[in-house]
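Structure first, then comments.
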Amino acid sequence: MSRAALAVVLVLSCAAPAAEVESRVLTHYVPQDLLEAAVRKEGWTEVVLEVKGGVRKGDVVRVWAGGSIDRGNGDQPGDNVSGPDGVAPATETSGSPNVKNLALSQEPAHAFALLFKSEAPAICKCLPPGKPLEIKLTKDKEKLWLGFNDERGRYYDNHLGKGRRHELDPLWVRIEVVRTIVD
């Protein structure tokens with residue numbers, strides 16, 4: 001191979017775009033007692049992301065959730081159950097909720113949903129089971145909170161799961177922190 005051809009090969013190999021690789025730096029299953037406390041509290045609950053060195057700007061938090069939340073408000077346990085993505089107000093069995101009475105977000109799509117927020121102003125609701133919610137972090141050492149969006153004053157009778165003793169299909173949440181590395 002001539003020197004000119006070798007120089008062209010070297011220049012082309014150096015000019016190739018860098019590859020981006022996703023690296024999962026944390027997988028965290030939120031404990032059931034923390035979830036139970038969050039759905040029974042009218043406010044936000046901090047989820048500590050214990051990544052060595054802390055989370056960084058540009059990291060992506062992926063939230064996978066499933067199971068069910070019994071929000072009480074009925075004669076029998078299990079009358080008013082929904083998934084972590086909440087319910088559409090038009091399909092609410094006990095009448096359409098007054099969105100002005102919702103505690104964490106008055107947006108109709110957030111009714112009876114498990115919500116997440118970071119230090120950015122946006123509030124995100126969980127997606128249906130099998131689809132991850134992705135939250136991009138905007139600064140180093142950013143914090144993450146979760147909360148259940150129920151009507152004010154109605155938190156005392158919320159539980160994880162469904163059935164007479166709330167033994168079936170309890171709520172679960174898995175949080176992943178994904179970092180993109182440029183090779």
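Just so you know, all these numbers are worked out from the coordinates, no wet-lab data involved. The structure presented is a predicted model; accordingly, all values stated were derived computationally and were not measured. Methodologically, a virtual Cβ is constructed for each residue, glycine included, from the backbone with ideal geometry; neighbour enumeration extends over all protein chains shown.
How far, in nm, would the chain grow between LYS100 and ARG164 when pulled straight, counting 0.36 nm per residue and subtracting the alpha carbon separation? Write out the running numbers ahead of the final one.
Working: separation 64, 0.36 × 64 = 23.04 nm, distance 3.04 nm.
Value of the extension gain: 20.0 nm.
With the simple spin-label model, which puts each label point 7 Å out from Cα in the Cβ direction, the LYS57 to THR180 separation comes to 1.5 nm. Among the GluC sites (Glu not before Pro) in the stretch 127-183, those placed in a DSSP loop whose Cβ has at most 12 other Cβ atoms within 10 Å are GLU167. Ranked by the mean number of other Cβ atoms within 10 Å per residue, highest first, peptides 160-166, 20-26, 44-50, 80-86 order as 80-86, 160-166, 44-50, 20-26. Positive contributions from Lys and Arg (+1) and negative ones from Asp and Glu (-1), summed over other residues with Cβ under 11 Å from the Cβ of ASN101, come out at +1.
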